[in-house]
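Worksheet: the structure to be examined is printed underneath.
The values are calculated or read from the model by the stated rules, or taken from the named source; none is laboratory data. All figures in this text were calculated on a predicted structure; none of them were measured in a lab. Neighbour counts are summed over all protein chains in view; Cβ atoms, including those assigned to glycine, are modelled from backbone coordinates with ideal geometry.
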Amino acid sequence: MFESKYSKVLTIILVIVIVAIIILLGFLGFDYIKKYNASKQASDFVEDYQGDITTDEENNTEDNNSQENIVLDSSNEVAIDDTSTNGSSSSGKKTYKGYTVVGTMRIPAINLEYPIFQEVKTKALETGLIALYPSGDNINQPGNTVVIGHNYRNGTFFSNLKKLSNGAKIYVKDYRGTTLTYEVYNKFEASSTDTSFYTRDTSGKAELTLSTCTDSSNDQRTIIFARQV
């Protein structure tokens, strides 16, 4: 009698565990497919992007009226800041899913292709990359441009940034139609609050700083330096 009741309890617990595992796997699978599809759509956009200074209303499918902006935060990759702005004008530039495109980035070594957005907003990071500093208009211009992206730890967006080695090539096409090639020359980890290298001397050349949180901590950043070649 006792053994029969014990067996039933174990069966119920086992069923609950199995159902919970199925739900979890389903959620993870849905999340992965969602991010994969976002990456595929972004890649298709990058392939077609010519940098023309025209407005693409066809892709303006998301509400982008929110004034929320983002800054780096130690508790996560980004944090809301209602007053932050990158100070560049969106007039005449193409849009993708409601966000102003200042350029596109391709990194063949990690199979990365994404648009770079002007708006410094949390939702924009779910769709592409963001020109955080000094502004989107600085893309491919002399000086350092900081571009940030999410690390979803699944191979999408900036998840594979850590795999880049010195010498890897980065190709950036800006909204003016100019394409520049950059070469990685430094990779390191830094605190999420360290922005000292944003204003480094580039000797009159265009440089990039790519930034994302590390795999192990949202308080640390994987940083990539690349210079125009």
For residues that are modelled with pLDDT of 95 or more and β-branched (Val, Ile, Thr), scanning just segment 140-165, find the one that is surrounded by the most Cβ atoms within 10 Å (Cβ to Cβ).
-> 145
Filtering segment 201-229 down to residues that are assigned to a strand (DSSP E or B) and of a type in the set (D, E, K, R), which residue is nearest to residue 154 (Cα to Cα)?
-> 221
Just to be sure, is residue 168 surrounded by fewer than 20 Cβ atoms within 10 Å (Cβ to Cβ), in contact with a helix residue (DSSP H, G or I) (Cβ under 7 Å, 6 or more places away or on another chain) and at pLDDT 95 or above?
-> yes
Could you pull out the residue among 113, 119 that is part of a loop (DSSP other than H, G, I, E, B) and surrounded by 15 or more Cβ atoms within 10 Å (Cβ to Cβ)?
-> 119
Take segment 181-200 and flag every residue that is part of a strand (DSSP E or B) and either among the hydrophobic types (A, V, I, L, M, F, W, C) or over 24 Å from residue 109 (Cα atoms) (or both).
-> 184, 188, 190, 191
Report, by residue number, each residue of segment 15-58 that is surrounded by 11 or more Cβ atoms within 10 Å (Cβ to Cβ), at pLDDT 70 or above and among the β-branched types (Val, Ile, Thr).
-> 46
Is it true that some residue in segment 59-68 is modelled with pLDDT under 70, closer than 30 Å to residue 180 by Cβ and in a helix (DSSP H, G or I)?
-> yes
